[in-house]
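Here the structure comes first, spelled out in structure tokens, and everything after it is commentary.
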Amino acid sequence: MQHRIIVLGAGYTGAIAAGRLARRLHRADVALTLVNPEPDFVERVRLHQLAAGQDLRPRPFDEIFAGTGVEVRQARVTAVDADRRTVTVADVHGGGQHELEYDTLVYALGSGWDPQGVPGTAEHAHEISGRAGALRLRERLAGLGAGQPVVVVGGGLTGLEAVAEIAESRPDLDVALVARGGLGDWLSDKGRAHVWKVFGRLGITVHEHAPVTAVEADRVLTDSASVPAAVTVWATGFAVHPIAEASTLEVADRGRIVVDRTMRSVSHPEVYAIGDAALVAGPGDKPLRMSCASGVPTAWQAADAIAARLTGAEPPKVPIRYFQQCVSLGRKEGLIQFVTADDQTLPKALTGRLAALYKEIICKGAAWGVAHPTVGSMPARRRRTVPQPAGTVRGDGAGRTERTAETAA
């Protein structure tokens with residue numbers, strides 16, 4: 001009978017994990033289902049470009065996974081019952097809620113924006129953590145007249161990329177960045193100097209050491225100033241999807257699922273968590289930060305561990321480490337800040353057009369990996385599964401995993 005694997009979320013990590021599992025496991029032995037509310041892949045690392053008016057290449061999942069054996073289901077996840085091994089989903093195009101049963105679950109629901117409880121943020125600020133938010137911001141920016149003020153809140157990677165992209169695409173606007181700390185204060189001297197240089201050329205006003213206390217319809221309030229804002233973009237960090245915290249899975253650090261070195265839940269061994277949703281120990285047992293750079297390796301690790309366990313092999317435990325932080329500063333400028341294995345800044349940095357090209361190659365490579373799920377690293381041979389320990393729930397041979405929520409016991 002088929003072993004039922006459900007992957008929740010088809011961002012970088014979920015899509016890559018589903019493709020890697022399809023490449024490693026024999027199609028007759030597993031039923032692979034990928035659940036996602038969007039019909040196509042969203043390049044999250046390019047959403048600041050989308051918001052600034054650029055169009056992104058569509059990558060429909062029905063084309064990406066055609067012929068791979070992966071069933072793509074367009075639905076929203078509403079609940080996970082890790083004790084009963086079920087997932088409740090609501091179909092995007094109607095049909096009500098349904099309960100899906102699994103033998104192995106890959107939780108890759110990722111993260112969204114985090115208003116951080118600052119008054120007025122949810123009501124007045126825009127976010128670019130998802131495509132819908134980026135499109136709303138795009139429409140709002142397109143309606144602004146010359147000289148209108150735009151404020152990006154957040155001095156991290158997302159904030160730097162967003163403010164530079166907006167300023168470059170709309171030089172007629174009055175663009176500002178508000179940061180809690182110093183501009184690029186985690187970067188090397190060379191990296192920080194380059195950010196200041198680019199921001200000066202783009203005409204970006206920087207408010208450093210200015211924690212935001214409130215967001216209003218026409219301004220951002222800090223602990224010492226009032227900054228005019230026809231549009232406010234909130235880019236201060238991310239919060240994970242709340243579904244895991246509402247389940248019986250062991251979570252920590254604001255709802256991230258606690259996993260071992262193979263991305264397996266420490267409380268429910270049939271569940272694997274990857275990407276932003278997982279609390280993963282990196283070098284020196286320091287938790288990996290939420291990023292594509294750390295998320296994709298967790299997808300590789302989880303898929304390989306699942307495939308190994310199902311086929312009777314030893315699960316690999318490949319250390320996950322950092323090499324660089326890649327920052328786009330518009331389409332013509334970039335910054336590659338090299339870091340240690342545990343993400344500490346090194347003096348070395350790559351800047352300018354070469355850095356922009358470097359970042360572009362990495363973005364294209366990540367998207368190519370998603371778009372070609374069964375092409376890539378060895379082994380390409382699909383392996384047969386072996387009998388699982390007693391008590392493992394199985395499918396019915398046809399891969400059926402569903403029952404309606406109304407009839408669920």
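The values are calculated or read from the model by the stated rules, or taken from the named source; none is laboratory data. Because the structure is predicted, anything quoted here is derived from the model rather than measured. Note that we place each Cβ from the backbone using ideal geometry, even for glycine, and neighbour counts take in every protein chain shown. Surface areas here come from the heavy atoms of the whole protein model, side chains and all, with no ligands, DNA or RNA. Shrake-Rupley method; radii C 1.70, N 1.55, O 1.52, S 1.80 Å.
Observations on the model:
- Residues of segment 28-83: accessible area per residue with a 1.4 Å probe, Å²: 42 Å²
- Relative contact order (percent, whole number), segment 13-162, Cα cutoff 8 Å, 6+ residue spacing: 23 percent
- Value of relative contact order over segment 144-187, rounded to a whole percent, pairs C-alpha under 8 Å and six or more apart: 49 percent
- Computed [θ] at 222 nm, helices only, for the chain once each DSSP H run of length n ≥ 4 contributes -39500 (n - 2.57): -8000 deg cm²/dmol
- Cβ charges +1 (Lys, Arg) and -1 (Asp, Glu), total dipole of segment 232-309, debye: 140 debye
- 12 Å Cα-Cα reach of K317 towards aspartates and glutamates, excluding residues that sit fewer than 8 places from it in its own chain: D260, D304
- Rg ratio for the chain: its Cα radius of gyration over 2.2 N^0.38 Å, N being its residue count, equals 1.02.
- The listed peptides 31-44, 100-113, ordered by packing as a protection proxy, come out as 100-113, 31-44 (highest mean of other Cβ atoms within 10 Å first).
- For the chain, size of Cβ-based charge dipole, Lys and Arg +1, Asp and Glu -1, in debye: 1480 debye
- Cleavage-rule hits, chymotrypsin sites (Phe, Trp or Tyr not before Pro), segment 283-327, DSSP coil, Cβ neighbours within 10 Å at most 16: F323
- The H on the amide N of H3, modeled in the peptide plane, is under 5 Å from the matching H of V30, A31, each at least 5 residues off or on a different chain.
- Projecting the Cα atoms of G237, A371, L56 onto the dipole axis of the chain, where Lys and Arg carry +1 and Asp and Glu carry -1 at the beta carbon, places A371 farthest toward the positive end.
- Contact order normalised by residue count of the chain, Cα under 8 Å, 6+ apart, percent: 22 percent
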